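Each remark here refers to the structure printed beneath this line.
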Amino acid sequence: MSTQDDLRRILNRIDGKGYPAYKDIRGKYEFPGFTLLVDHVQGDPFAAPSRLRVQVPQEAAGYPPDTFNKRSRRIALADFLTRAFDAACSQLSSRRGTGKSGLIAIDRPGQQVLERTSVLVDEEAVEARFVVGLPAAGRRVLGRQAAAMLFDDLPRVVASALHFSANNRVALYRHIKAAEDADWLRSQLAANGLVAFVADGAVLPRRSGVDDRTLRKGAIPFQSPALLRVEFDLPNAGPVAGMGIPAGVTLIAGGGYHGKSTLLNALERGVYNHIPGDGRELVVTDEGAVKIRAEDGRAVSGVDISPFIGALPNDADTRQFSTANASGSTSQAANIVEALEAGARVLLVDEDTAATNFMIRDHRMQELIAKEREPITPFIDKVRQLYDERGVSTALVMGGSGDYFDVADTVIAMDAYVPRDVTDQARAIAQKYRAERRQEGGDHFGQVMARVPLAESLDPRKGRREVKISARGMKTILFGISDIDLTAVEGLVHPSQLNAIGQALYYARQRYMDGRRTLPEILDAVMADVDRDGLDALDRRVVGDLARFRRYELAAALNRLRTLRVA
Ligand code: ADP
Ligand code: MG
């Protein structure tokens, strides 16, 4: 194997040459204490930066087995080290020429602890994957600057971020224990008849609508109502009390601006683990929880929305409903049926982002518009069947209609950010003021069909490229010449999840879309491969910017591909 002196010689030789000369540094080099791998060299100073890796053997890195010997801990340790690497890089931040010259960066995590490809830890080594903007003056190689980056800056980052002894031991253990506790808590929900748990003292509000960090000033910590209080004994933190949300239909009522949506959003995020200090470390939700919202304008491909939508004025078949432009109510119906198809166990609905005519149809409206003239069966008439027949729970923010009292198992009222259990009160009111509306939901929920996606309807080609897939921030996956709009898919929390989903779509197409396998079978297969082989299984390249996603969001991306056809 080459040594660092070999690398130094190459950099000397190409100094001042045209930028493509950098291609010569591809390879593997032995440094004191670590191995450097140059996997991909950028074509010019303004292109996507070069991809490099360091591998630090455990003899040098020194992580005790208890920091990575369980899945929860291994993921959290890798997450912690990604953050440490990122912090060490931002200490450097010296510009060294044109374009991205001088950049050393790792995929920056948000508030969630996710499995990523940025750092991998096992018994053998710690591997960090990062990008480097190889320095240039105009389009000429700055060999000496590159040497300074790779021989001075990089070893400093490695030493301060990737060695156990250099890290804050207390913070590191806090990180992995918090993740382990959260995973354990989530694993206890179902056996205790719960779909979510919010610990007392949790801080739910965020700094702003675009800043997911915890609200610093004036946040009222969460306080569970006595009737819904449950206790757990966490493996690391010990006893914890909080509000358990039981399986079934749960209504979150309360005045405007009293914290309803904030609670629901926290439940939505509870499928992920959060970093210490976030405030939501012990807010956990059933992994199968999916936010459902209206999304008018989206495309729908062959979805049976007939449980919710009957005869449409254009005679479209709602048992195999396709449109390039769904309405508010049909998009929400499709979102629900697709979530069920993918295996969702809990639906989270907020009146703020729901279509009103999908949620309710009151007595007076039933009198004015006969059932035969209204294609929509409102959610209120289906939500019980979802639970009773399919075991799918719903947590629903609803400050606008007390008709829902009739179908709720649990009613929580948010009052100045403090939840109260008002189930009995709501029952009494429902008894006293009987709703005159008629049930329109029929005897059964109806079928949820498993569709068979057709591989040929996913075309990854673009121009001369056989496969061109990339992601743009949190909003879009570019798949061939198609844009997949994920703006309304709220279950995503990090851009790297979109990178991974983009690759997973292609992977699923190549491996599993054979014209026979159903979508749920394909999701099973892909997720099993990722469980077994890690996210690297999805990408033929070695990249550091893939993050774990759920099957629901993978399905959501496929369902929003406008060219999708199903059998
Ligand atoms: P609602 O859905 O009931 O209308 P929101 O959940 O949108 O209300 O909350 C309204 C505002 O109150 C938001 O700005 C939110 O950040 C803030 N908020 C929510 N919960 C708390 C809390 N526990 N402490 C302080 N502020 C909060
Ligand atoms: Mg709200």
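The values are calculated or read from the model by the stated rules, or taken from the named source; none is laboratory data. Because the structure is predicted, anything quoted here is derived from the model rather than measured. Because the Cβ atoms are built from the backbone with ideal geometry, glycine has one as well, and the counts that use them run over all protein chains shown.
Per-structure values
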{"item": "Members of the range 317-362 found to be away from ligand 2 (no atom under 16 Å from the Cβ), of a type outside the set (Gly, Ala, Ser) and under 14 Å from Lys291 (Cα atoms), listed by number", "result": "Gln332, Asn335, Ile336, Val337, Glu338, Leu340, Arg345, Val346, Leu347"}
{"item": "Given (1) within 22 Å of Gln112 (Cα to Cα); (2) part of a loop (DSSP other than H, G, I, E, B), index of the condition Gln223 fails", "result": "(1)"}
{"item": "Filtered residues of the range 337-372 (kept if under 13 Å from Ser401 (Cβ atoms) and under 20 Å from the mean Cα position of the chain (by Cα))", "result": "Val349"}
{"item": "Flag if Asp212 is touching a Phe, Trp or Tyr at 6+ places or on another chain (Cβ under 8 Å), within 14 Å of ligand 1 (Cβ to nearest atom) and farther than 25 Å from Tyr404 by Cα", "result": "no"}
{"item": "First in the range 127-148 and more than 20 Å from Ile106 (Cα to Cα), second anywhere and in a strand (DSSP E or B), Cβ under 6 Å, 6 or more apart", "result": "Leu142/Ala136"}
{"item": "Criterion (without any contact (Cβ under 8 Å) to a residue 24 or more places away in the chain and more than 25 Å from the chain's Cα centre (by Cα)) met by exactly one of Asp233, Asp211", "result": "Asp233"}
{"item": "Positions within the range 377-401 being surrounded by fewer than 20 Cβ atoms within 10 Å (Cβ to Cβ) and in contact with a helix residue (DSSP H, G or I) (Cβ under 6 Å, 6 or more places away or on another chain), in sequence order", "result": "Arg384, Gly400"}
{"item": "Some residue of the range 90-97 being crowded, with 22+ Cβ neighbours inside 10 Å, hydroxyl-bearing (Ser, Thr, Tyr), over 23 Å from Pro32 (Cβ atoms) and at pLDDT below 95", "result": "no"}
{"item": "Which listed residue, of Ala294, Ala311, Ala344, is touching a residue at least 40 places away in the same chain (Cβ under 8 Å), part of a loop (DSSP other than H, G, I, E, B) and farther than 23 Å from Asp485 by Cβ", "result": "Ala311"}
{"item": "Number of the exception - Ser90 against (1) touching a residue at least 24 places away in the same chain (Cβ under 8 Å); (2) closer than 22 Å to Asp212 by Cα; (3) out of contact with any Asp or Glu (no Cβ under 8 Å at 6 or more places or on another chain)", "result": "(1)"}
{"item": "Qualifying residues in the range 254-292 (those that are within 13 Å of ligand 2 (Cβ to nearest atom) and among the small types (Gly, Ala, Ser)) - the one nearest to Ala199 (Cα to Cα)", "result": "Ala266"}
{"item": "Filter result for the condition that a residue is among the charged types (D, E, K, R) and under 30 Å from Leu114 (Cα atoms), over Arg51, Arg8, Arg13", "result": "Arg51"}
{"item": "Among (1) crowded, with 20+ Cβ neighbours inside 10 Å; (2) touching a strand residue (DSSP E or B) at 6+ places or on another chain (Cβ under 9 Å) - the single one Phe445 does not satisfy", "result": "(2)"}
{"item": "Residue check, Val158 β-branched (Val, Ile, Thr), touching a strand residue (DSSP E or B) at 6+ places or on another chain (Cβ under 9 Å) and assigned to a strand (DSSP E or B)", "result": "no"}
{"item": "Filter result for the condition that a residue is within 26 Å of Pro520 (Cβ to Cβ), touching a residue at least 12 places away in the same chain (Cβ under 8 Å) and within 16 Å of ligand 1 (Cβ to nearest atom), over Val303, Val349", "result": "Val349"}
{"item": "Qualifying positions in the range 240-290 - more than 14 Å from ligand 1 (Cβ to nearest atom), of a type in the set (A, V, I, L, M) and in a strand (DSSP E or B)", "result": "Val240, Ala241, Ile245, Val249, Val284, Ala289, Val290"}
